[in-house]
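Read-outs: derived from the displayed coordinates by stated rules, not from any lab. All figures in this text were calculated on a predicted structure; none of them were measured in a lab. In this analysis, Cβ positions are derived from the backbone assuming ideal geometry, glycine residues included, and neighbour counts consider all displayed protein chains.
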Amino acid sequence: MLDDASRYCIALEAMHSEREIDMLGLMVRALRRHGPPDALYLDNGSTYRGQTLSLACARMGTALIHAKPYDAPARGKMERFWRTMRTSVLDYCGSVTSLHELNVRLWAWLDEHYHRAAHAGLLGQSPAAMYQTAARPVDTFDEQKLRAALTIQARRRVRRDSTLPMGGQDWQTDLGFLAGQLVTVYQCLVEPSEPPWLEHEGRRYVLQTVDPIKNAHRERAPDCLDRPHGARVPFDPPKVLLDKTLGRTASSATPRDSEAKS
């Protein structure tokens, strides 16, 4: 993430994958240090067009802007940064043994060279000096607002075994009476390891990771399909139509029908 005005690198980290959850994790670390930006200018990749990112920017008051497709000059500053990083550090990394080793080299290059070096686009000023002297409003963005911005919600139906899906994983609740009902589930993506929760009658209930063995021996919520046949309403639609055709009334029912009604 690059500050547009000063070319200061707000956040940089190499990862094994390129998913929205990875990008959000990087953004969370940047927000904690620098606060929310006025606008976020991104590429058109699927990583940057997710609903979670769009919702978080709307809650923070950040304008989310995507570059036009096939418009390379629109991303000129970022492309120039990639070229500088490639020729200054990546071409000399050789065969690194771990992702941590690569990140350590990138961070050392940022702190010791890039942020301190004079930049032609800044009329000879360094990105660090330009960023530190820029006027910024008082930051009132705290951890509570960050968590609120990155809390998602979804409607899920609780299964008969008191489990439900959320975030590509199955979770379970101790509220067995919610089986078969639609509930609203919440999850905060500031810390993806935190379990989601559901709210019922104004109270929050944290979901638990499904234990298949214990869940198999839990009592299930009652269901109309599990009731004995005697508990059902004795009603025979074809027989009612036949009685109506023959002119028979309820008093002329057969003993078997009377026994069933009793």
- Any idea which of HIS200, HIS66, SER95 is furthest toward the positive side of the dipole for the chain, if Lys and Arg beta-carbons carry +1 and Asp and Glu beta-carbons -1? HIS200
- Query: Which of the listed residues, THR84, HIS113, GLN169, is farthest toward the dipole's positive end in the chain, when Lys, Arg count +1 and Asp, Glu count -1 at the beta-carbon?
  - Reply: GLN169
- Mind listing which GluC sites (Glu not before Pro) in the stretch 1-70 are in a DSSP loop and have 13 or fewer other Cβ atoms within 10 Å? GLU18
- Query: In degrees between 0 and 90, to the nearest 10, how far off the longest principal axis of the chain does helix 76-88 point, with axes built from Cα atoms?
  - Reply: 70 degrees
- Message: I'd like the Karplus ³J(HN,Hα) series for the stretch 154-168: coefficients 6.51, -1.76, 1.60, θ = phi - 60°, whole numbers in Hz, and an x wherever there's a Gly or Pro.
- Response: 8, 8, 9, 9, 6, 6, 4, 8, 6, 10, 7, x, 7, x, x
- Message: Among PRO212, SER6, LEU31, whose Cα projects farthest towards the positive end of the dipole of the chain, with charges put on the beta-carbon of Lys, Arg (+1) and Asp, Glu (-1)?
- Response: PRO212
- Most fluctuating residue given options PRO36, PRO73, PRO165, as computed from a GNM of the chain linking Cα atoms under 10 Å: PRO73
- Can you give the translational diffusion coefficient of the stretch 20-139 in µm²/s, computed by Stokes-Einstein from the Kirkwood radius over Cα pairs at 4 °C and 1.567 mPa s? 78 µm²/s
- Neighbour-limited loop hits for chymotrypsin sites (Phe, Trp or Tyr not before Pro), the stretch 45-89 (at most 13 other Cβ within 10 Å; DSSP other than H, G, I, E, B): TYR70
- Note on the structure: Of the candidate values (i) 30.7, 106; (ii) 19.5, 63; (iii) 18.8, 58, the one computed for Rg and Dmax of the Cα atoms in Å from this structure is (i)
- Message: Please list, ordered by chain and number, the residues whose modelled amide H lies under 5 Å from the amide H of LEU42; skip anything fewer than 5 residues away on the same chain.
- Response: ILE65, HIS66, ALA67
- Item | Mean ellipticity per residue at 222 nm, deg cm²/dmol - from DSSP H runs of n ≥ 4 across the chain, formula -39500 (n - 2.57) | -9500 deg cm²/dmol
- Task: With +1 on each Lys and Arg Cβ and -1 on each Asp and Glu Cβ, and nothing else charged, work out how big the dipole of the stretch 118-160 is about its Cα centre, in Debye to the nearest 20.
- Result: 860 debye
- Item | Dipole magnitude of the chain, debye to nearest 20 (Cβ charges: Lys/Arg +1, Asp/Glu -1, about Cα centre) | 720 debye
- Note on the structure: Taking Lys and Arg as +1 and Asp and Glu as -1, residues besides TYR41 with C-beta under 14 Å from its C-beta add up to -1
